[in-house]
1. Around Pro134, under 9 Å between beta carbons, what's the net of Lys plus Arg minus Asp minus Glu among the other residues?
2. Taking the Cβ of Arg252 as the center, what net charge do the other residues with Cβ under 14 Å away carry, scoring Lys and Arg +1 and Asp and Glu -1?
3. Would you mind checking the tilt of helix 10-21 against the longest principal axis of the Cα atoms of the chain, expressed as 0 to 90 degrees and rounded to 10?
4. If you keep only loop residues by DSSP, which trypsin sites (Lys or Arg not before Pro) in region 205-270 have at most 10 other Cβ atoms within 10 Å of their Cβ?
5. Given a 1.4 Å probe and heavy atoms of the protein chains only, how would you sort Phe269, Phe231, largest accessible area at the top?
6. Relative to the longest principal Cα axis of the chain, at what angle does helix 168-180 sit, 0 to 90 degrees, rounded to 10?
7. Taking Cα pairs under 8 Å and at least six residues apart, what relative contact order does the chain come out at, in percent?
8. Only helical DSSP H runs with n ≥ 4 go in: add -39500 (n - 2.57) per run for the chain, normalise by residue count and round the 222 nm mean residue ellipticity to 500 deg cm²/dmol.
Amino acid sequence: MIVVTGATGNVGRSLVQVLAGAGEKVTATSRRVSDADLPDGVLARPADLTDAGILRPVLDGADALFLQNGGADAHLLDPGQILDAARDGGVRRVVLLSSQGVATRPESASHGGVGRAIEDAVRRSGLDWVILRPGGFDSNAYVWSESVRALRTVAAPFGDVGLPTVDPDDIAEVAAATLREDGHAGRVYELTGPALSTPRQRAGALAEALGEPVRFVEQTRDEARAQLLRFMPEPVAETTLAILGEPTPAERRISPDIERVLGRAPRTFADWARRHVAAFR
């Protein structure tokens, strides 16, 4: 059995579908997961990563664990307790969804510090481990969905700064491969898209998918900061703006790891936009 945490998120939801489609026995867990969220045959078990005691019975009888890094609640996690519960429940393999920022922004408490502590706990767990470090997600474009639907407009800062954003479905397929296959233990995979793309280019890809013009409006840094502060803490917003506006060479590097694991090139943002265009109509 494979336990998938964060099962209703962008990566977890897709991962559950991939594993179930491959015939794996899957338990899907998140705070508010229900049978309605899941494919037939997948067991829904609501649990909270910040409470290892609640998570412990979910892990009983599992062989492998997909562990997401807690997102905004990462600082509340006790990864040692989670991994102890996993090992006690029979888990032999853990795949951690971490973040590229652990390596590229080690000085950032929000991106590097907490993430590094979780990665270190996984390395010390005694389990076969794999760490996935994606960069920015293509699905971050959902933040534009309302303005595109209402005004056919995308507003973003740093309009001509390119980053190799990654499709969450590609992350999920890599996670499924590393959960199911031998030969990945002790690996850290950096997951990116196949090319740099700018906010202006991503707006153009949405326009192409819609078959209608989409106007790009470049925000100032202050305008973007005010928008980010509506849904993330200030330190996270500041680091996010630094990545978007002044990415390091490592953050702009196109990684070969998706192709190495899956035997195919990663999907482009345009691919993602075509598959999810309904959210922008």
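1. So the environment of Pro134 carries a net charge of -1.
2. Charge balance near Arg252 sits at -2.
3. Tilt of helix 10-21: around 50 degrees.
4. Arg230, Arg264
5. Phe231, Phe269
6. The angle comes out at about 20 degrees.
7. Result for the chain is 17 percent.
8. Counting only the DSSP helices, I get -11500 deg cm²/dmol.
The values are calculated or read from the model by the stated rules, or taken from the named source; none is laboratory data. As the structure is a computational prediction, the values presented were derived from the model and not from experiment. Positions of Cβ are generated from backbone atoms using ideal geometry, with glycine treated the same way; all protein chains shown enter the neighbour counts. With ligands, DNA and RNA removed, areas are computed over all heavy atoms of the protein, side chains included. Shrake-Rupley method; radii C 1.70, N 1.55, O 1.52, S 1.80 Å.
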